[in-house]
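Take a look at the structure below.
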Amino acid sequence: MDLDAVRTFVAVANAGQFQQAAADLSITQQAVSKRIAALEKDLGVRLFTRTARGAQLTIDGQAFHPHARELLHAEERAAASVRLGRRALRVDVIGRRLAPAGLLRGFHGAHPDIDLDVVTLFDADAAIGALQSGMIDASFRAVTRRLPDGIEAALVFNESLQLVTGPDHELASAHAVTPAQLAEHRIWMPGIVSGTEWATFYDDLAAEFGLTIETTGPNFGIDPLLDTIADSSRLATFVGEQTRFAWPADYGLRRIALHKPTPAYPHCLIWRADNPHPALAALRDHLGSARPGPETWTPNWAHSSRQ
């Protein structure tokens, strides 16, 4: 249905005259007549009766009038939903328990007036595709390779890794350990998926420090992983320092710092360069930029990714 014709119908109904409706719409009276005639043909009914006093709604016109007004209100709401600054900022955070979700919560706390739509995509390829298609406005990702033209990135947070062990593990009583001390220990991370950015990170970490990171077995999620670690005297796993999870007190799990150096996962914010959403600029300003500290290890690509 032609919304210009519907708008003209409402203008005539409100004014009671074709001539006044034409003036209100800044078009000719002939254009008003043509639009009304086209609308009547489309609907298959007469909407107005011309009289000496002007134009009066027919019974069908009276029935159509409230729906026509609702159509115009719906058009206004649809336009407003995507008008610059009115649409919620859609951001991919990888996982709801991971550091990017915490960074976004901090932004929301600082800017509670900005609407957010939080999504979780699988990997960097999915996130980049969603950015290119306009499905999301930004994503938190480790950038392991050169980004496509039109996609930009900024390193916003280097998240220190921690070792998680059960109470009977050899390292359970340690306050901190070095990556070199882990060379003879079994690190189990069944959630690593080949080809993803986090797989690239842990492959480089293992190669740098001579670690063995096992990915065998199905990935049932963090809670079953912690169940296994709690009962094992040999297995340990890595988590980010801001990864949020809880476990029963009798598990006795330990979160142990890594130092000399501290491996850190490089979280970048990525976005389309031509995205005009004002909340995106506010998010970037809020996050700022990060650099690894002198006692921090990150892969070489974390320093060379285009930013």
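The values are calculated or read from the model by the stated rules, or taken from the named source; none is laboratory data. It should be emphasised that the depicted structure is a prediction, and the values quoted were computed from it without experimental measurement. Here Cβ is always computed from backbone atoms with ideal geometry, including for glycine, and neighbour counts include all displayed protein chains. Please note that ligands, DNA and RNA were not included when accessible areas were found on the heavy atoms of the full protein model with its side chains. Shrake-Rupley method; radii C 1.70, N 1.55, O 1.52, S 1.80 Å.
Data table
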quantity	calculated
Exposed-loop-free span, longest in the chain, where GluC sites (Glu not before Pro) count as exposed if DSSP calls them loop and at most 15 other C-beta atoms lie within 10 Å	1-169
Cα-based helix-to-principal-axis angle, 222-231 vs the chain, degrees rounded to 10	10 degrees
Cα gyration tensor of region 243-294 - equivalent ellipsoid semi-axes, whole Å, descending	34, 18, 8
Total charge dipole magnitude, region 244-303, about the Cα centre, Cβ charges on Lys, Arg, Asp, Glu only, Debye to nearest 20	140 debye
Sequence-separation-based contact order of region 191-253, relative, with Cα cut under 8 Å and 6+ spacing, percent	25 percent
Spin-label model distance (nm) - Asp149 vs Thr215, 7 Å beyond Cα toward Cβ	3.3 nm
Among Gly210, Gly44, Gly16, residue whose mean-square fluctuation peaks in a GNM of the chain (springs only between Cα atoms under 10 Å)	Gly44
Full-stretch length increase - Met1, Ala52 - with 0.36 nm per residue and alpha-carbon distance subtracted	15.4 nm
Nearest-ten-degree value, helix 59-82 long axis tilted from longest Cα axis of the chain	30 degrees
Efficiency of FRET between Glu295 and Asp115 - r from beta-carbon atoms, R0 51 angstrom, step 0.05	0.85
Magnitude of the charge dipole, region 59-191, Cβ model with Lys/Arg +1 and Asp/Glu -1, debye to 20	100 debye
Pairwise FRET efficiency - Glu208 versus Ala88, Cβ, R0 = 30 Å, nearest 0.05	0.15
Convex hull of the chain built on C-alpha atoms - directionally averaged projected area, nm²	22.8 nm²
Using alpha-carbon coordinates, inclination of helix 278-287 to the longest axis of the chain, degrees	20 degrees
Relative contact order of the chain, defined on C-alpha pairs under 8 angstrom at six or more residues apart (%)	22 percent
All Cα pairs of region 114-181, percent lying beyond 16 Å	63 percent
5 angstrom amide H check on Val119, placed H, neighbours 5+ away	Val91, Asp92, Val93
Ordering of 49-60, 280-291 by burial proxy (mean other Cβ atoms within 10 Å per residue, highest first)	280-291, 49-60
Cα-Cα separations in region 1-141 greater than 20 Å, expressed as whole percent	61 percent
Probe 1.4 Å - accessible area at Asp125, Å² to nearest ten	80 Å²
Gaussian network model of the chain, Cα within-10 Å springs - most flexible of Pro261, Pro218, Pro148	Pro218
Accessible area of Asp2 in the full protein assembly, 1.4 Å probe (Å², nearest 10)	90 Å²
Chain lengthening between Arg186 and Ala78 when straightened (0.36 nm per residue, less Cα-Cα)	33.4 nm
Loop-resident sites, region 122-164, for trypsin sites (Lys or Arg not before Pro), counting at most 15 other Cβ within 10 Å (DSSP)	Arg145, Arg146
Heavy-atom surface of the chain, accessible at 1.4 Å and reported per residue (Å²)	52 Å²
